[in-house]
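Asker: What follows is a structure written as structure tokens; I'll ask about it next.
The values are calculated or read from the model by the stated rules, or taken from the named source; none is laboratory data. None of the values given here were measured: they were computed from a predicted structure. A quick note on method: Cβ atoms are made from the backbone with ideal geometry, for glycine too, and the neighbour counts reach across all protein chains shown.
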Amino acid sequence: MSVIAIDGTFASGKGTLAKKLAAHYNLPHLDTGKLYRATAKIALENNFDLSNPAQCAEAARQIDPGALDDPTLKSGPIGAAASKVSIHPAVRQELLDFQREFSSKGGVLDGRDIGTVICPDADVKLYIDAEPSERARRRHSELTSYGEDLSFEQVLEQLTERDERDKNRAEAPLKIASDAHLIDTTNLSIERAFDVAVKLIDAVLAAKAPNK
């Protein structure tokens with residue numbers, strides 16, 4: 001079974017793309033960002049200090065895999081908290097085994113460090129990005145649909161801060177793997193991005209297939 005690693009910036013469309021690709025290739029899908037959001041939710045519910053590595057690691061150990069589809073994980077406050085807990089090496093280590101066990105059976109995984117840390121030997125690696133203003137527009141639309149009251153400017157500021165944390169953290173920073181294929185979704189619909197991704201994936205898998 002193939003492993004497809006999808007990394008990229010926040011609100012670039014990688015999660016939606018990953019779901020469509022998993023369905024297309026009949027592979028299981030794991031949104032690894034939900035692991036950090038679930039950790040953050042547990043930490044917030046227990047009034048843990050988000051700057052305390054030990055407390056955040058304890059929250060990671062309490063994750064219920066069956067609760068990863070909880071819609072509240074998509075909220076703004078939990079997303080912001082997830083970005084803070086994810087900088088702790090202790091948290092990342094707690095979640096590393098979970099992700100590698102999942103990928104051992106094949107699948108589509110999306111996140112920040114899939115192609116560089118979690119699945120460095122993935123069959124195909126994609127990196128999804130878009131202009132910050134476009135990503136902020138998408139995120140603002142999503143949050144307002146949940147009833148959250150935030151201006152576009154606030155969302156853009158939060159997104160910029162998150163980009164900085166993700167790209168500059170000491171542990172597993174967000175970066176493009178040397179063998180990843182970049183897809184810029186700024187001016188692409190999800191359907192068009194999907195078509196581009198499928199062509200890339202099919203070409204890579206065909207090139208790696210043994211000659212018959």
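Asker: Quick check, is T116 within 30 Å of L205 (Cβ to Cβ) and not in a strand (DSSP E or B)? Give the derivation first.
Answerer: On the way: within 30 Å of L205 (Cβ to Cβ): yes; not in a strand (DSSP E or B): yes.
Yes: the conditions hold for T116.
Asker: Restricting attention to the range 138-167, and to residues there that are part of a helix (DSSP H, G or I) and of a type in the set (G, A, S), which single residue is surrounded by the most Cβ atoms within 10 Å (Cβ to Cβ)?
Answerer: Looking at the filtered set, the residue picked out is S141.
Asker: Within the range 1-28, take every residue that is among the small types (G, A, S) and part of a helix (DSSP H, G or I) and give me the one that is modelled with the lowest pLDDT. Lay out the reasoning, then the answer.
Answerer: Step one: of the range 1-28, the residues among the small types (G, A, S) are 2, 5, 8, 11-13, 15, 18, 22-23.
If we keep only those that are part of a helix (DSSP H, G or I) as well, we get 15, 18, 22-23.
Values: G15: 93, A18: 97, A22: 97, A23: 97.
Only one residue fits best here, namely G15.
Asker: Give me the residue from the range 44-78 that is without any contact (Cβ under 8 Å) to a residue 60 or more places away in the chain and among the small types (G, A, S) and, out of that set, farthest from T16 (Cα to Cα).
Answerer: Going through the qualifying residues, I end up with A54.
Asker: Can you tell me which residue within the range 98-109, out of those that are touching a residue at least 12 places away in the same chain (Cβ under 8 Å) and on the phi < 0 side of the Ramachandran plot, is surrounded by the most Cβ atoms within 10 Å (Cβ to Cβ)? Before the answer, list the steps.
Answerer: Applying the first criterion (touching a residue at least 12 places away in the same chain (Cβ under 8 Å)) to the range 98-109 yields 98-100, 102-103, 105-109.
When the remaining residues are screened for being on the phi < 0 side of the Ramachandran plot, the result is 98-100, 102-103, 105, 108-109.
On the way: F98: 16, Q99: 21, R100: 13, F102: 20, S103: 23, K105: 10, V108: 29, L109: 26.
Ranking the qualifying residues of the range 98-109, first place goes to V108.
Here is a yes/no grid of residues against (1) in contact with a Phe, Trp or Tyr (Cβ under 6 Å, 6 or more places away or on another chain); (2) crowded, with 17+ Cβ neighbours inside 10 Å; (3) more than 22 Å from L205 (Cβ to Cβ):
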site: L96; (1), (2), (3): no, no, yes
site: G111; (1), (2), (3): no, yes, no
site: P120; (1), (2), (3): no, no, no
site: A136; (1), (2), (3): no, yes, yes
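Asker: As an exercise: evaluate E45 against (1) buried (at least 20 other Cβ atoms within 10 Å of the Cβ); (2) at pLDDT 95 or above and give the number of the one condition it does not meet.
Answerer: (1)
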